[in-house]
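Take a look at the structure below.
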Amino acid sequence: MNPDWLSLLSTRYFDLNVVVEVFPLLLKGVGTTIWVTLVGWGLAASVGFPLLLLRRSRFRPLGWIVGGFIEFVRSTPILVQIYFYFYVLPSAGVVLDPISTGLLALTIHYGCYMSEAYRSGLEAIHPGQWDAVTALGFSKLDVYRHVILPQMVPPLIPALGNFLILMIKDSPLLASIGVVEMMYYATGYSMDTFRYLEPITIVGLIFLALSLASASAIRFLEARVGRKWLGREELRD
Amino acid sequence: MTNVTDNNIITMKSVTKRYGSLKVLEDLTLDVARNEHLSLIGPSGSGKSTILRVLMTLEAIQAGDVSIDGDSLWRQGPEGSTGAKEADSRRIRQKVGMVFQSFNLFPHMTAIRNVAEAPMRVLKLSRAEAYERAKELLKLVGLSAREDHYPIQLSGGQQQRVAIARALAMQPKVLLFDEVTSALDPETVGEVLNVIRHLAKEFEFTILFVTHQMGFAKEISDRVCFLEGGRIIEQGTPEQIFDNPREARTQAFLKAVLES
Amino acid sequence: MIDFLLSIQSLVQTWGGLLLRGAIETCRLFAMTLVLELTVAIVMGLARLSRITPIRVFANIFVEIFRGVSSYVTLFWLYFALPMIGISLGALEAAVFALALVHGAYASEYVRSTLLAVPKGQIDASIALNMTRFQRMRYVVFPQAIVAMMPLFGNDAIMLLKATSLASLIAVPELTEAGLAINGTTYSANAFAVFTILLIVYFVLSQAVALAMRMIEARVAHWKFPNRVSPFKTLKMLVSR
C-alpha cells in the first residue's frame, strides 16, 4: 500500500488515506450489524405468530386488546420504543445489555408488523378453502401444514424481505444506546479525527450494498419457494 | 405542405403497418370521398381498427402515404414512411374525431365537463362558450338531463352518447367510429345507433364506421369494405357486398356472422 | 397504578411546557418535511417517466441511492459530513432535507406506478381530442392517478411522522428530544412516565394524521362514489330536523 499514491487520488475533502484507516473498523461493526439484524428478524418473524393467534382468539376482548397493542406499537416510533426499554426496564429491576435491549425493541416492533402481514396473508386465502377442509375432515395441524401455509407463505416472502431491509436500516439506531456496530465505530472515529465525510460515506455505501444484496436474496427466494410450494414457474401477483 | 385538394378527403396509398413481426396492414390502398359514409367490416385482427387509429394519429406506419384533407400525414421515402411534424400533425388531428369501443370518458369529470374540456383547453374557447357548446351537444344526443352526472352514474349507452358529443365538440370533418356498440348491452345499442343515424342523415360528415352491426352498416353506408389479414378483399355498395358478395372469403365471413 | 397516575400528573405540571413545545416542533418538522417530500416524489416520479434518457437515468439512480441508504445515514451525512465540503446545514434543515429526500425517493415509486396504471384508453381519448402532452397529464392522467396515490401517501405520512423522532439524534428540539432531556434531568426517576407520555402523544398524532389522510382520500375519489354522503352532511341533516 503506497501512501503517496493514495494521497495523489485524494482531494482536500475526501482523503483516501482516511478511507483505508477507517475501513477495518467499520468491518468490525458490520458483523454486529448483520448479526443483530438477522437475529432480530428471526425473532420478530417468530413473535408474529403468537401475536396473530392472540389477535384472532375466540375470546373477543383479548383479540381487541392485542389488536390495540399491535396498533399502538405500529403507530409509534421505534427509536422511542428503544429508549423506553433502555431507560425503563432497569428501574423495574430488569437489567439488559444494550444488544439485548435493542433486540427486544426490534422484535416487538417488527413482530407487530409481521403479525399484521400474516393476518392479511391469512385473510387473503379464499374462504372456500376452509369449507373444503372441513368437508374433507383434515386435522387442525394438517390443515395448516398442507393447505394454509403453502398458500400463505409465498406472497409473504416479499413482505418479510422488506422488513429485513427496513431492519438493516434501523440497526444504527441501536448505536445511541451503546450497541457497538458500524455507525458506532464511524461516529467514534469521526469525533476523534474530525473527519466526518469519509467514514459516513463509506457507511452509506456499505448500507447500500447490504440493501441491494438483501433485495437480490429475497427475489431469489421468492422465485424458488414460489416454484416449489405452489408448483408454478412464476408467482402470480 | 398541402396538395391541391381533390374530392377525396382521405387518401391512403400502399400503407403497411407491422407490430413486431406481425403485419397488421399490408400494402393497403383506400380513398374516402368527402362526406362519404364508409363501413369497414371483417374478422378480428383484419386491421379495420388499425386503419382508424392510424387516421387518428394514434399509430405509426412503416410504409405508404396517408393524407387527410390535402395535408400529408405520412409520406413514403426511400427508407420507409416518415410522419408529419408535430405542428402539422396537430392541425390534421384537429379535423378528425374518434369514438372508441370502450368509451374512454374521463371518469373524474361530469358529462358536460367531458364534452367542454377539450374545446376549452385545446380550441381556447372561453369557459362560457365551451359549456354552451357542450350543452347543445348533450341536447343533441339526448342527455341534457344528465349533464352533471359522472360517467360512473351513466349506463353504457349513455356514456357512449356522451363520448360522441365529446368528439363532435371539436368540430371535426371526419368521424371515426370504432366498434362503438360492441361493448354495450343489446338494449342500449339502439339509442347509440339512433344518434349516429341522425348524425349521418342530418349533418355533413365523412364517416368511417368499423362495426359488426351489419344491418346498420347496410342502412347508412355509401360504401362497404371487407378486410381480412390487413388487406381489402372486396369493396362496393352495401347491396353489392351484403347481397351479392363476389369473393369466397367475403361470403364465408358474412355467413358466419349472420349465423351468430 | 395511582402512583403512576400521580407521577404522570406531576410530570405534566412541571415539564408540560417543554413537552408541548417539543410536540409543536415535531408537528412543524412533519409539515415542512411532508411538503418537501411530496415535491421530491412528484418531480422524481415524473422524471423517471421522462422520454429524455439522461433525466430518467439520473432519477433512477437518485431513487436507488436514497432508498438504499437509511434516513439515519442520510441525516448524519447531511449534518456532519456536508460541512466538510463547505455546506453547513442547521440541525432542523438537515433533518427536513434528509427525511424528505429518503421518503421522497420511496414515494416517487407511488407516483410513477399510479401514473402508469391509468388506463391507456384515457391517453387515446386525450390524443384524439388533440390535447398536448402537458394537457394530457394535467387534466386527464394525473387527476386519475392521484386517487390511487393518496392511500400510499397516507401510509408514508405516518411513517414520516414516526421518522421525525430521528431528528432527536442531532438535537433538534422535537418531542423525543424533549423527553430525553427531561429524562436526563430527572435522572430517569420518572423514565416510565416520560416515555409513556411520548408514546401516547405519537400515537395520538399518528391517528390524527391517519384520519386526515382518510378524509383527503375520500375527497379526492369523490367522482368514484358520487352517491356517498359525507359524515358532516349526515350530522347536519340530523341536527336540522
For peptide C:220-227, compute the average count of partner chain beta-carbon atoms within 10 Å of each residue's beta-carbon.
4
Given Cα positions, please report Rg to Rh for the protein assembly as shown, the hydrodynamic radius being the Kirkwood one.
1.07
Percent of alpha carbon pairs in chain C separated by more than 32 Å?
38
Computed on alpha carbon atoms, what radius of gyration and Dmax characterise region A:108-179, expressed in Å?
16.9, 56
By a straight-distance test (C-alpha under 16 Å), which aspartates and glutamates pair with A:LYS28 as possible cross-link partners, with residues fewer than eight away in the same chain excluded?
A:GLU181
Note down the Stokes-Einstein diffusion coefficient of region B:138-236 in µm²/s, whole number, using a Kirkwood radius over alpha carbon pairs, 20 °C, and 1.002 mPa s.
147
Within straight cross-link reach of B:LYS201, meaning Cα distance under 17 Å, which aspartates and glutamates are found once same-chain residues fewer than 8 apart are removed?
B:GLU36, B:GLU191, B:GLU219, B:ASP222
So how do B:26-37, A:106-117, C:118-129, A:208-219 stack up, highest first, on mean other-Cβ count within 10 Å?
A:106-117, C:118-129, B:26-37, A:208-219
Starting from a Cα-only point model with no solvent, please compute log10 I(q)/I(0) by Debye for chain B at q = 0.09, 0.10, 0.17 1/Å.
-0.41, -0.51, -1.37
Please report B:ASP148, B:ASP71, C:ASP156 as a ranked list, fewest other C-beta atoms within 10 angstrom at the top and most at the bottom.
B:ASP148, B:ASP71, C:ASP156
Set the Förster radius R0 to 41 Å, insert the Cβ-Cβ distance between C:PHE134 and C:ALA208 as r into 1/(1 + (r/R0)^6), and round the FRET efficiency to 0.05.
0.70
Distance between modelled label sites at B:LYS255 and A:LEU136, nm, 7 Å Cα→Cβ extension:
5.0
Once R0 is set to 45 Å, what does the formula 1/(1 + (r/R0)^6) return for the Cβ-Cβ distance between B:GLU247 and B:ILE152, expressed as a FRET efficiency to the nearest 0.05?
0.50
Hull shadow area, averaged, region B:1-99 [alpha-carbon convex hull, nm²]:
6.7
In nm², the average projected area of the convex hull spanned by the Cα atoms of chain A is 17.8
When the Cα centres of region B:184-246 and region B:99-165 are compared, how far apart do they sit, in Å?
25
Nearby lysines by direct alpha-carbon distance to B:LYS255 (threshold 17 angstrom, same-chain neighbours under 8 apart not counted):
B:LYS218
Can you name the helices of chain A, as whole DSSP H runs, whose Cα span along the helix axis is 18 Å or more and whose Kyte-Doolittle mean is not below 0.0?
A:16-55, A:60-75, A:78-91, A:98-123, A:149-170, A:197-230
Mind putting a number on the dipole of region B:1-108 about its Cα centre? Charges go on the C-beta only, +1 for Lys and Arg and -1 for Asp and Glu, and I need it in Debye to the nearest 20.
280
First measure r as the distance between the Cβ atoms of B:LYS13 and B:SER182, then evaluate 1/(1 + (r/R0)^6) with R0 = 41 Å and state the FRET efficiency to the nearest 0.05.
0.90
Just report the Cα centroid separation between region A:161-191 and region A:14-33, whole Å.
14
Give me the distance between the Cα centres of region A:105-134 and region C:130-158, rounded to whole Å.
32
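Any read-out appearing in this document is the output of simple, stated calculations on the displayed coordinates, not a laboratory observation. As the structure is a computational prediction, the values presented were derived from the model and not from experiment. Methodologically, a virtual Cβ is constructed for each residue, glycine included, from the backbone with ideal geometry; neighbour enumeration extends over all protein chains shown.
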